[in-house]
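What follows is a short report on a single structure.
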Amino acid sequence: MSKKKAALLTYNTNREYFDSVYERNKFYRGLFGYRQTVKKNGKTYKYDKKGLMDEVPNTRVDDSVFIFAKKHTDKVEEYFHTWEEKVSYHIFTVLVKEQKILDKLNKEDNYDRPKR
């Protein structure tokens with residue numbers, strides 16, 4: 001069984017630190033992306049806006065806990081650094097042995113999160 005170093009992210013949001021619901025939603029939309037539906041001229045258009053977790057192959061461990069490929073640590077840390085006054089976070093180096101998780105972390109090309 002192979003082993004690989006990865007990064008584990010844990011974060012915590014506190015509603016009291018955000019100025020508004022809009023600002024808190026902005027954090028989550030930047031992290032997870034969102035789907036926008038626009039109705040125009042009797043037609044409906046749907047757009048998927050990607051978030052950080054769409055760009056970084058990852059696996060969710062629990063609420064607010066993710067494992068991602070170690071090489072993406074700088075990108076993840078940069079995003080959370082912009083929110084550090086409102087969101088506390090920690091990134092740890094972990095050793096992953098489970099093949100399902102390793103396969104997800106190695107999926108670099110055409111990475112797609114499951115559809116909502």
Any residue at all in the stretch 62-71 that's part of a strand (DSSP E or B), aromatic (F, W, Y), exposed (fewer than 12 other Cβ atoms within 10 Å of the Cβ) and on the phi < 0 side of the Ramachandran plot?
no
Of E23, E16, the only residue that is more than 22 Å from K107 (Cβ to Cβ), in contact (Cβ under 8 Å) with a residue 24 or more places away in the chain and part of a helix (DSSP H, G or I) is E23
Considering every residue within the stretch 74-82, establish whether at least one is of a type in the set (A, V, I, L, M, F, W, C) and in contact with a strand residue (DSSP E or B) (Cβ under 7 Å, 6 or more places away or on another chain).
yes
Note on the stretch 20-46: residues of a type in the set (D, E, K, R) and either touching a Lys or Arg at 6+ places or on another chain (Cβ under 8 Å) or modelled with pLDDT under 95 (or both) are E23, R24, R29, R35, K39, K40, K43, K46
Could you tell me whether the stretch 82-92 includes any residue that is loosely packed, with under 13 Cβ neighbours inside 10 Å, among the hydrophobic types (A, V, I, L, M, F, W, C) and out of contact with any Phe, Trp or Tyr (no Cβ under 7 Å at 6 or more places or on another chain)?
yes
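The values are calculated or read from the model by the stated rules, or taken from the named source; none is laboratory data. This one's a predicted model, so the numbers in the text were calculated from it and none came from an experiment. Here Cβ is always computed from backbone atoms with ideal geometry, including for glycine, and neighbour counts include all displayed protein chains.
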